[in-house]
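**Student:** After the structure tokens below, expect a handful of questions from me.
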Amino acid sequence: MTGYAGISPVFHGGDLGLASRTFPQACLPWVDLSTGINPVSYPIPRLAPAVWARLPDADALDALEKTAASAYRAAAGTQVVTGPGSQALIQRIPWLLPPGRVAVVGPTYGGHAPAWTAAGHSVTVVSSLAQCRDAAVVVVTNPNNPDGRSLSAATLAEAEARLGPQGLLVIDEAFADVMPDISFADRLAEHPHALILRSFGKFFGLAGVRLGFALTADAALAARLRDQLGAWPVSGAAIAIGQAALADADWQAAMRLELAAACGRLDDWLARAGLAVIGGTPLFRFVADDAAERWYRRLGKRGIIVRCFPEEPRHLRFGLPGPEPEWERLAAALDSCA
């Protein structure tokens, strides 16, 4: 894939090793705005020594899945399957279905199409659900990464209803924690051919925990996925941290307000620099500008890494800065580059 000269395309952010090789003279430490991960992490609870000394407890895992179902407002009877991050689930789910035609609504997160291709499926990237009519499997990200576009529950329900008896609608809701009202989880009981993916690390700012969930009303599909993941799909520490965070409704509500305020602040700064925000979520902003490559390089040299898209050279994605010094460095860089 070609695009920005000298820049290797990636389908996720956060690769500071690549950033350091691309900008060896950058001012350090890095201000990493490339991931869309909440820069304000959930406070990790004190963990009992047994969490590290024993194998993960099956009852604790069951309690975590019940808490996740409640936090995600899942319909009664929804099966929740825990995995070591949503990326791991993305890579395993394609092996549960016989090879067939798969439509990925894009442009979107770059991990989906390769996972289905690797499992022997015929994959086509399409621009809308209307182009998915001949597919046995449809994959959509809602809200979408990287542009933040969202689809209504009614639209998703119509797409699921068009699938055949062996069809599957995969809805990647990795960023839905910041926009909970768009989630399809409360409709799963009415739509047995739908499966939702949820990421724990993005909203809670704990990507290193490696925790994610698949939700579906199809008990047989959930059982096959559990078999794929094995007896101990995540660590005892991930179970304990996930249980505490997903049960903490007060922190979640306060964090949504905090992210909305930070997002508004970032929008103001980008507009002042002449950058047009054309989409996003409260965790990232999607920008279009004819000088996007120059912006990427100028910011990179100043130790601020944002997400570029070599295949879409007019676009950039900005995550949120964390501590105030990071905001100040971004403000200075935007002013100097404008």
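The values are calculated or read from the model by the stated rules, or taken from the named source; none is laboratory data. Note that this is a predicted model, so its numbers are computed, not measured. Virtual Cβ from ideal backbone geometry, glycine too; neighbours counted across all protein chains shown.
**Student:** Before we move on, is Ala75 small (Gly, Ala, Ser), more than 20 Å from Ile171 (Cα to Cα) and either part of a loop (DSSP other than H, G, I, E, B) or more than 24 Å from the chain's Cα centre (by Cα) (or both)? Spell out how you get there, then give the answer.
**Tutor:** Numbers: small (Gly, Ala, Ser): yes; more than 20 Å from Ile171 (Cα to Cα): no; either part of a loop (DSSP other than H, G, I, E, B) or more than 24 Å from the chain's Cα centre (by Cα) (or both): yes.
The answer is no for Ala75.
**Student:** Could you check, for the stretch 304-313, whether at least one of its residues is in contact with an Asp or Glu (Cβ under 7 Å, 6 or more places away or on another chain) and not in a helix (DSSP H, G or I)?
**Tutor:** Looking through the stretch 304-313, at least one residue is in contact with an Asp or Glu (Cβ under 7 Å, 6 or more places away or on another chain) and not in a helix (DSSP H, G or I).
**Student:** Further question on the same structure: Exactly one of these conditions fails for Ala130: (1) within 12 Å of Val105 (Cα to Cα); (2) touching a residue at least 12 places away in the same chain (Cβ under 8 Å). Give me its number.
**Tutor:** Ala130 satisfies every listed condition except (2).
**Student:** Among Leu55, Leu61, which is of a type outside the set (S, T, N, Q) and outside any loop (DSSP other than H, G, I, E, B)?
**Tutor:** When all the criteria are applied, what remains is Leu61.
**Student:** Still on this structure, please answer the following. Please give the number of the condition Gly3 fails out of (1) touching a Pro at 6+ places or on another chain (Cβ under 6 Å); (2) modelled with pLDDT of 95 or more.
**Tutor:** (2)
**Student:** Which one of Leu89, Leu151 is under 18 Å from the mean Cα position of the chain (by Cα), closer than 30 Å to Asp57 by Cα and either of a type in the set (Asp, Glu) or assigned by TED's automatic domain parsing to the domain that holds Leu221 (or both)?
**Tutor:** None of the others qualify; the one that does is Leu89.
**Student:** Also: Quick one: Asp268 ticks every box in (1) part of a helix (DSSP H, G or I); (2) surrounded by 15 or more Cβ atoms within 10 Å (Cβ to Cβ) except a single one, so which number is it?
**Tutor:** (2)
**Student:** Confirm whether Ala260 is more than 16 Å from Asn145 (Cα to Cα), surrounded by fewer than 19 Cβ atoms within 10 Å (Cβ to Cβ), of a type outside the set (Val, Ile, Thr) and touching a Pro at 6+ places or on another chain (Cβ under 6 Å).
**Tutor:** Taking the combined requirement at face value, the residue satisfies it.
**Student:** Can you tell which of Asp290, Asp268, Asp335 is acidic (Asp, Glu), modelled with pLDDT under 95 and farther than 21 Å from Gly14 by Cβ?
**Tutor:** Exactly one residue qualifies, and that residue is Asp335.
**Student:** Looking only at residues in the stretch 206-253 that are in a helix (DSSP H, G or I) and among the acidic types (Asp, Glu), which one is farthest from Ala176 (Cα to Cα)?
**Tutor:** Asp227
**Student:** Taking the criterion of being in contact with a strand residue (DSSP E or B) (Cβ under 6 Å, 6 or more places away or on another chain) and over 27 Å from Met255 (Cα atoms), would at least one residue in the stretch 83-90 satisfy it?
**Tutor:** no
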